[in-house]
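Throughout, read-outs are computed from the coordinates displayed, never taken from laboratory work. Worth saying up front: this structure is predicted, and the values here are computed from it rather than measured.
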Amino acid sequence: MRKKLIIAAAAALISAMLSVPAFAAEWKQDTTGWWYQNDDGSYPNNGWNWVEGKCYYFTPEGYCLINTQTPDGYTVDASGAWVVDGVVQTQGGSQAADSQTADGTVIQWNGLTFTVPAGFVQDTSEQGGAFFFDSSRIAAIAIVTESIPDMAGYEDLLNSMQGLILDEAVEEYIGTPSGKSPKQFATGTWYSYDYSDASVLGLPGSVKIYVRLNGVQIQMILFAGNLSGMDTDGIMNNNLR
């Protein structure tokens, strides 16, 4: 089960990071307004469409409605995103909801609250995790959680052995890390594992994993790709609650 958690996160990152689109999906603007070009060069139009985890209403010509009420009675804000009572709605159901703050998008995922770092956007909420990529898709962050079945009532035992449990789980799948240590952050103690060569996962760059047991739930924050200049400890301490 612990191995399954790491495999799921790694597989999702590999799939997303190694897919190179023919076009760069991006927002574009002309004299009429804003529109969005998909990876394949097409553009959403004629109603609601999810774009980068948020929902926008597009006219038949493909322009995004902004700061108004849509024809079917919903509200979009100054960026065009669908809002309810001032809160931006995101894809992923009850597990992943967000709101806009002065510091960035805030994601709530299975008891964890994560402020997305500058330059990253949420890509998808699948396979039990929330995934974020930078604009070039050369760096990724994953938040993955999974409950340990049939262990209710054994939380104290699991906690007393979590260092050994997590070492075995991480090293079994990825291999011996170049460095590992417990880390104390605002959310408590996490176990950190460093891999300078991520080729075992089929990824360019490096991997840094933070993982812990919280009751009977395994929580993992995974950074992968080009991590040069990224303060992962700082993100764990300042962006995670």
- [ ] May I ask you to evaluate 6.51 cos²θ - 1.76 cosθ + 1.60, the Karplus curve with θ = phi - 60°, for each residue of the stretch 84-89 and list the ³J(HN,Hα) values in order in whole Hz, giving x for glycine and proline?
- [x] 10, 6, x, 9, 5, 8
Task: Nonlocal amide H pairs with Trp48, under 5 Å, H built at 1.01 Å - done: Phe58
Task: Amide H contacts under 5 Å for Val88, placed H, 5+ residues apart - done: Gln100
Open item on the list: For a quick check: with amide H placed at 1.01 Å from N, whose amide H comes under 5 Å from Asn110's, ignoring anything fewer than 5 positions away on the same chain?
Closed with: none
